[in-house]
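Contents: one structure, followed by commentary.
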Amino acid sequence: MKRIQVIQHVPFETPGCIIHWAEDMGYTVAAAHLYRGDKLPEISDFDLLVVMGGPMSVHDTAIHPWLKDEKKFIHASVSSGKNVVGICLGAQLIAEVLGSRVRSNGEREIGWHRIFRSDESSGAGIFDVIPDGSEVFHWHGETFDIPHGAVHGFSSDCCRNQAFLFDKRVLGLQFHLEVTPHLLHEMIDNCRGELLPSEYVQEEELIISGMKHIRENNSVMYALLDKLDSADIHS
């Protein structure tokens, strides 16, 4: 039986629909809640690592000292050949441990915004399961540079670097395909103070009305996980 290890940075940014995929596949799921002091597992304890989002920055090691150990753990997981998925903050953490810069995006991107395929995306067949122009859920103010040797997958009008694939098995997503109605409401309730009017920050009512996209977003998340699970990422 395959094992999935989740790293969670705050109680309200959960794996969302990823749990449903794992249940359907018959996989076991363990979670390390770093914000409450949970220990990180042994690398041998899992097959797939999923690193979730969170409102903190990868640079906030003084506020959240556990970020230092997490970065070492992610680096060790990648180096050992594990499949790894990072979402939002998780993608930024992966990018940083791979030697890339994480920095301010200039503008926050919050709500439902379209992503567009990059010219390089054909170099990673896994990105074929994400329709060009998909309307996906975002909540971030920082961005990552694409790691050296990784394939750049998608961009949006607000943020150039939205997805990357490294070494055929390490996937970074700046957006939230895993979001469920409950998770979306939890993110709003806990981060409502960030919904300040700007070009790429939607009002709460518009974000909630966009829940009509959740089913399609979740289907794409399942397809990405299927691709990683089967290692059939170039077809």
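Rule-based calculations on the coordinates, nothing more; no lab input. Here the structure is a predicted model, which means the values were calculated and not measured. Cβ: placed from backbone, ideal geometry, glycine included. Neighbour counts: every protein chain shown.
Arrange the peptides 210-216, 88-94, 143-149 so that the one whose residues have, on average, the most other Cβ atoms within 10 Å appears first.
Most protected by this proxy first, the peptides run 88-94, 143-149, 210-216.
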Taking θ = phi - 60°, what integer Hz values does the Karplus form 6.51 cos²θ - 1.76 cosθ + 1.60 yield along segment 140-145, in sequence order, with x for Gly and Pro?
7, x, 10, 9, 10, 7
So who's got an amide H within less than 5 Å of the one on Asp47, skipping anything under 5 residues away but keeping other chains? H placed 1.01 Å off N, in plane.
Arg3, Ile4, Gln5
Semi-axes of the equivalent ellipsoid for the chain, Cα gyration tensor, largest first, Å:
24, 21, 18
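Provide the net charge surrounding His75, with neighbours chosen by a C-beta distance below 14 Å and charges set as Lys +1, Arg +1, Asp -1, Glu -1.
0
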Protection proxy (average C-beta count within 10 Å per residue), highest first, orders 106-113, 160-167, 66-73 as 160-167, 106-113, 66-73
Per DSSP helix of 4 or more residues, -39500 (n - 2.57); summed, then divided by the residues of the chain. What does that give at 222 nm, rounded to the nearest 500?
-8500 deg cm²/dmol
